[in-house]
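Trainee: Got a structure here, written out as structure tokens. Questions coming.
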Amino acid sequence: MQQHDHNKQASTISARTGERHHDHEWPRPESMPIYQTSVFTFDDVDDVLEYYTDRPPGRYLYSRNGNPNVVSMQEIVAQLEHAENACASASGMGAISSAIMATCSAGDHVLLSREIYGGTLVLLRTLLHRFSITVSLADFTNLSEVVSSLTPATRLIIGESITNPLLSVMDIKALADIAHDAGALLMIDNTFATPIVVRPIELGADIVVHSATKYLGGHSDVSGGVICGSNAFIEQANHVIATLGSNLAPFDAWLIARGIKTLPLRFKQQCLNAQTLAKWLANDERLQHVYYPALSTHSTHHLAKNQFAEELYGAIVTIGLKGNKDAVNAFMRAAPSLPFAPSLAGVTTSLSHPWTTSHRGFTEQERLAFGITEGLIRISVGVENIQDLIEEINDGLIATM
Ligand SMILES: *Cc1c(COP(=O)(O)O)cnc(C)c1O
């Protein structure tokens, strides 16, 4: 198995994902084979008993509990996040639900950022609510509101490194201190920033989750999720995943690992494109708002500047058109090369409409209170030539006038 080596740079760790698994075996493929098997075999009863007692690394029993492709991908994400360990699930929601279930019991309270991913809110409000886990929301850019929202039952605080779709950045170090003072844990969904931009565990977060469907995979061709944390916590989270059966499939783990090989390259280019685009849009009279944390007009710009690495601010730019749904439709129809796809993070630029997709789970009142209007378009910026992109977005904007 791959050695944890925190001294190597992310681009080196990523590029070498899945390699050197076969030093003592022939043939020695450079690309990791896909262990497309549900089960592994044993020599005899003594052999299986030895497996149960010693859990020798590199040995497996049943793919729901562990599989070489899944473990290889987990190890790389743990290294990139500077976490002790990681485990994987079949989707980002699989990771988030398993991490919560590994942490909380009936009677516990979970405090969520009010800008949290819609699925996380729906999970807590509609499903975990039935198991007597309570939830409330707070503005995580306002630390005194976070403190006053804690209850004696608060067990878990869940925030995001960059929120969707208004791209707020929160003070992870301060949130970790607040959580720990209250005897709670801090979980950060790092899907939008990726470990290339911020590593929440270094700032004190206890748990990091990812929708690997997004930047880790990076090609809009696979669903997956990853949880990072301490060895003890990952053991518990893995138990939840194996028991619920929300494990990641070997081929999907292989696709994510393949995506991670180019994560630093892709993501840096996407961030640079996003920054150029946001600056080009910043003073456009045809827009009501431009949200991007690199802009000094963004409400959390200073926090982002202090917290994020290498002057990178993520690859999502959100624009507010002056009109409503009709303007959004006009924009999309005039920019047919930019697909409307309610996801993000592929190498291809795509558009999303938070009002009708990611934020359907919130009431209309909540959406408006957060600043999510009908005219908002979220642009997931890809790796295309930036001048081509700017021309296509300009075509969309002309049609809204
Ligand atoms: C997409 C997403 C999720 C959910 O991930 P799935 O892979 O779709 O289950 C969770 N958090 C964030 C921030 C996301 O963008």
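Trainee: State whether one or more residues within the range 72-93 are within 11 Å of the ligand (Cβ to nearest atom), part of a helix (DSSP H, G or I) and open to solvent by 10 Å² or more (accessible area, probe 1.4 Å).
Mentor: Yes, some residue in the range 72-93 is within 11 Å of the ligand (Cβ to nearest atom), part of a helix (DSSP H, G or I) and open to solvent by 10 Å² or more (accessible area, probe 1.4 Å).
Trainee: Answer yes or no: is there a residue in the range 119-132 that is touching a Ser or Thr at 6+ places or on another chain (Cβ under 7 Å) and touching a residue at least 12 places away in the same chain (Cβ under 8 Å).
Mentor: yes
Trainee: Considering THR154, THR163, which residue is touching a His at 6+ places or on another chain (Cβ under 8 Å), modelled with pLDDT of 95 or more and open to solvent by less than 60 Å² (accessible area, probe 1.4 Å)?
Mentor: Residue meeting the stated conditions: THR154.
Trainee: Restricting the range 208-237 to residues that are within 14 Å of the ligand (Cβ to nearest atom) and either charged (D, E, K, R) or over 23 Å from ILE316 (Cβ atoms) (or both), which is least open to solvent (accessible area, probe 1.4 Å)?
Mentor: Among those that are within 14 Å of the ligand (Cβ to nearest atom) and either charged (D, E, K, R) or over 23 Å from ILE316 (Cβ atoms) (or both), it is LYS214.
Trainee: Quick one: count up the residues across the range 340-374 that are away from the ligand (no atom under 16 Å from the Cβ), touching a helix residue (DSSP H, G or I) at 6+ places or on another chain (Cβ under 6 Å) and more than 23 Å from LEU277 (Cα to Cα).
Mentor: Within the range 340-374, residues that are away from the ligand (no atom under 16 Å from the Cβ), touching a helix residue (DSSP H, G or I) at 6+ places or on another chain (Cβ under 6 Å) and more than 23 Å from LEU277 (Cα to Cα) number 0.
Trainee: Moving on to the next point. Exactly one condition in (1) under 20 Å from ASN247 (Cα atoms); (2) within 16 Å of the ligand (Cβ to nearest atom) is false for SER113; which is it?
Mentor: Condition not satisfied by SER113: (1).
Trainee: Every residue in the range 212-265 that is among the hydroxyl-bearing types (Ser, Thr, Tyr) and over 21 Å from PRO195 (Cβ atoms), please.
Mentor: THR243, SER246
Trainee: Looking only at the range 97-115, count how many residues are open to solvent by less than 10 Å² (accessible area, probe 1.4 Å) and either part of a helix (DSSP H, G or I) or hydroxyl-bearing (Ser, Thr, Tyr) (or both).
Mentor: Final tally of qualifying residues: 4.
Trainee: Please tell me if SER168 is of a type outside the set (A, V, I, L, M), in contact with a His (Cβ under 9 Å, 6 or more places away or on another chain), touching a residue at least 24 places away in the same chain (Cβ under 8 Å) and crowded, with 23+ Cβ neighbours inside 10 Å.
Mentor: yes
Trainee: Taking the range 140-176 only, how many residues are within 16 Å of the ligand (Cβ to nearest atom) and β-branched (Val, Ile, Thr)?
Mentor: Counting residues in the range 140-176 that are within 16 Å of the ligand (Cβ to nearest atom) and β-branched (Val, Ile, Thr) gives 6.
Trainee: Determine if the range 317-339 includes at least one residue that is under 23 Å from ASP221 (Cβ atoms) and within 16 Å of the ligand (Cβ to nearest atom).
Mentor: There is no residue in the range 317-339 that is under 23 Å from ASP221 (Cβ atoms) and within 16 Å of the ligand (Cβ to nearest atom).
Trainee: Considering every residue within the range 126-145, establish whether at least one is at positive phi, surrounded by fewer than 24 Cβ atoms within 10 Å (Cβ to Cβ) and in a loop (DSSP other than H, G, I, E, B).
Mentor: Among the residues of the range 126-145, at least one is at positive phi, surrounded by fewer than 24 Cβ atoms within 10 Å (Cβ to Cβ) and in a loop (DSSP other than H, G, I, E, B), which makes the answer yes.
The values are calculated or read from the model by the stated rules, or taken from the named source; none is laboratory data. Since the structure is predicted, the reported quantities are computational estimates derived from the model, not experimental observations. Methodologically, a virtual Cβ is constructed for each residue, glycine included, from the backbone with ideal geometry; neighbour enumeration extends over all protein chains shown. Note: areas computed on protein heavy atoms with side chains; ligands, DNA, RNA excluded. Shrake-Rupley method; radii C 1.70, N 1.55, O 1.52, S 1.80 Å.
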